Amino acid sequence: MARTRLSRSDRFDQLVEVSWALVRAEGADALTLGRLAEHAGVAKPVVYSHFGSRAELLAALFTEFDGRQAAMLEASLVTAPATLDGRANAIANSYVGCALAQGRELTGVLAALEGSPELEQVKRAAEHAYSERCRELLQPFTGPAGPSAPSLTAIFGAADGLSHAAVSGALPPEEATGELAQLIVAVVGKS
């Protein structure tokens, strides 16, 4: 069977997709560059040309997830009313929805990101960008500065907890989403 030659961009996308599948099947600890090459059906140098290390691969997975989460938020905003409730629902639906779409494998990748300062920096930068976008969206319903940093920390701490509960089956997704939207309205309303 002849191998299909992919463009560099398509190969990168394929490697990310195979990485998520490997994490889903065997957990984040099983994700190595060698295992990725084996599962993707490519030579190790192909994988190493995209990711110089396991840390770079994990960072790429998180960055890909973060991009999908931001895109899901923007898509939710298209149909959301420009009210506090509308924006809270868009944020809650996209945050919990993206976690559900990714599934349990995200937890392993997030745990691995905590392991090194470089990976932690990637995670923090992405979280900051998402948080700032949400601050912009919620600012019309607060003072000129938007929700405070502690308020956003509370919102996203709850978002992480509720998303995890929905992914693990401890809460129905609609309860997690509804509770998060209510919390956003309450926190922003007190600002």
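The values are calculated or read from the model by the stated rules, or taken from the named source; none is laboratory data. Since this is a predicted model, take the numbers as computed values, not measurements. For accessibility, only protein heavy atoms count, side chains too; no ligands or nucleic acids. Shrake-Rupley method; radii C 1.70, N 1.55, O 1.52, S 1.80 Å.
Miscellaneous remarks
- Counting 0.36 nm for each residue step from S9 to A149 and taking away their Cα separation leaves a gain of 46.7 nm.
- For the chain, with all protein chains in place and a probe radius of 1.4 Å, 57% of the accessible heavy-atom surface sits on carbon or sulfur.
- Relative contact order (%) - the chain, alpha-carbon pairs under 8 angstrom, separation at least six: 21
- Stokes-Einstein D for the chain, Kirkwood Rh over Cα pairs, 10 °C, 1.306 mPa s (µm²/s): 89
- Calculated mean residue ellipticity, 222 nm, the chain: -26000 deg cm²/dmol, from DSSP H runs (n ≥ 4) at -39500 (n - 2.57) each, averaged per residue and rounded to 500.
- Summed over the residues of the chain and divided among them, the accessible surface reaches 51 Å² per residue at a probe radius of 1.4 Å.
- Anisotropy class of region 94-168 from Cα gyration tensor, a/c 1.5 cut: oblate
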